[in-house]
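Report on the structure given below.
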Amino acid sequence: MTKKHPAKKLRVGVLFGGRSGEHEVSLLSAASILKAIDKKKYEVVPIGITKQGRWVTSHDAHALLTGRFPPENPLQAGDPEATPTAAVLKRGEAIIVPPVPAESLQPLQLSTRTDLAPAHASAPLDLDAIFPVLHGTFGEDGTIQGLFELADIAYVGSGVLGSATGMDKAAMKKLFSAAGLPQTPYLALLRSEWRADPKKCRKKIEAALRYPLFVKPANLGSSVGISKVHDRSELAAAMDLAAGFDRKLVVEQGVGGPGAKPRELEVAVLGNDAPEASVVGEIVPGAEFYDYEAKYVSDTSVPIIPAKLTKAESKQIREMAVAAFRACDCAGLARVDFLMEPARKGKKPRIYLNEINTMPGFTSISMYPKLWQATGIPYKQLIDRLIGLAMERHREKQETTFTRN
């Protein structure tokens, strides 16, 4: 009788942190994944990126995840106010703890192979796949995905194009328009245009759109830098705020008009070439809209899963979510957000596609996992599915010829 050998564990790097304004959100997501991932099936390698862009692993990655690492700026040493603290909460879930002294960070060096090489080490960290739990700039905008493509390594989530278009709201909206997907009227402006002639920009905005407006940095997530503008008196401050976060600004006409609050609906999408949509969920924000505080600090926002919709409305929204996923050439996962205009006399409520998020928050209480939980895929299994999709997509790429010989 032949003896069965246990299947080799896949070596998966969980990458978190990063230089974006969503660094702390990434830590929350990564902590949940590291806790839930099947250790019997995967050998997990935590890899952190500090806010200054240094890559660390092993005990230093854990120190970064929990806040127990020294300041990287020597001028901050000994300054208690410059040290990270337990400031990030998500509906009662805290993972960042007060820092304690730690060893100096040991950086990683990037290799051109499918691995990451620790400095002063004789062997690299050979990885089968990477789960980049990075939100926002330098994480879900195509930059890190380009690095993985060059290294020829499997990774969870969308590729360079899907990530870049999913991050750039102006480019995203053009793709949605080309796919015939309904969205609220908008304008895209450059920071340089606004700073050179604010009056001209204001006239352009007011000629095309009606208040209330939403002003957003084109390339950012988690509602950072977003303002609701009720009238002309609030426009300049909102534009200046958004301009501090990106060179491209998007101004959207509010759905429903003055005094009419739209419903905020979300769908989770999973898959590669044959994506599937979850049940539809709804967020009832505790604030005027679902801003950063409502998402990650306050516990006043209420998720409703599934959302109270007719079968026809739910079907339409789920089909639109899959169409948006395909329009941006996404892969792996994405959360697609919608706005539903309140019903009026003699008129049915209208549904507008708002945006797509290619690496949504991934704690066990985030909307993306909760939507799949309600659809029949629990958190641990969802992680497993995503790694499987990453490996499937990487295998499919091997069928592509890149040279003439």
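For the residue pairs Lys174/Lys200; Lys174/Lys261; Lys41/Lys380; Lys51/Lys397; Lys228/Lys345; Lys174/Lys204, the alpha carbons lie more than 22 Å apart in Lys174/Lys200; Lys174/Lys261; Lys51/Lys397; Lys228/Lys345.
Placing unit charges on the Cβ atoms of the charged side chains and taking the dipole of region 165-210 about its Cα centre, the candidate lying farthest along the positive direction among Gln183, Ala207, Gly166 is Ala207.
When a 1.4 Å probe is rolled over the protein heavy atoms, the share of accessible surface on region 362-402 that falls to carbon and sulfur comes to 50 percent. Accessible-area rank, largest first, for Arg393, Arg210: Arg210, Arg393, with all protein chains present and a 1.4 angstrom probe.
Summarising the amide proton neighbourhood of Gly254: residues at separation of 5 or more, or on other chains, whose placed amide H is nearer than 5 Å comprise Leu213, Phe214. Among the protein heavy atoms of region 170-289, carbon and sulfur supply 53% of the accessible surface, probe 1.4 Å, non-protein parts ignored.
Straightening the chain between Glu319 and Ile304 buys 3.4 nm, computed as 0.36 nm per residue apart minus the Cα-Cα spacing.
Expressed in nm to one decimal, what extension gain is obtained for the pair Val284 and Thr143 from 0.36 nm per residue of sequence separation less their Cα-Cα distance?
Residue separation times 0.36 nm, minus the Cα-Cα distance, leaves 47.4 nm.
In the full protein context, region 121-275 carries 40 Å² of accessible surface per residue, based on a 1.4 Å probe and ignoring ligands, DNA and RNA.
Calculated FRET efficiency, Ile365 to Ala208, Cβ-Cβ distance, R0 = 30 Å: about 0.15 to the nearest 0.05.
The values are calculated or read from the model by the stated rules, or taken from the named source; none is laboratory data. Quick caveat, the model's predicted, so the values are computed rather than measured. Note: ideal-geometry Cβ built from the backbone for every residue, glycine included; neighbour counts use all protein chains shown. Heads up: the accessible areas ignore ligands, DNA and RNA and are worked out on the full protein's heavy atoms, side chains in. Shrake-Rupley method; radii C 1.70, N 1.55, O 1.52, S 1.80 Å.
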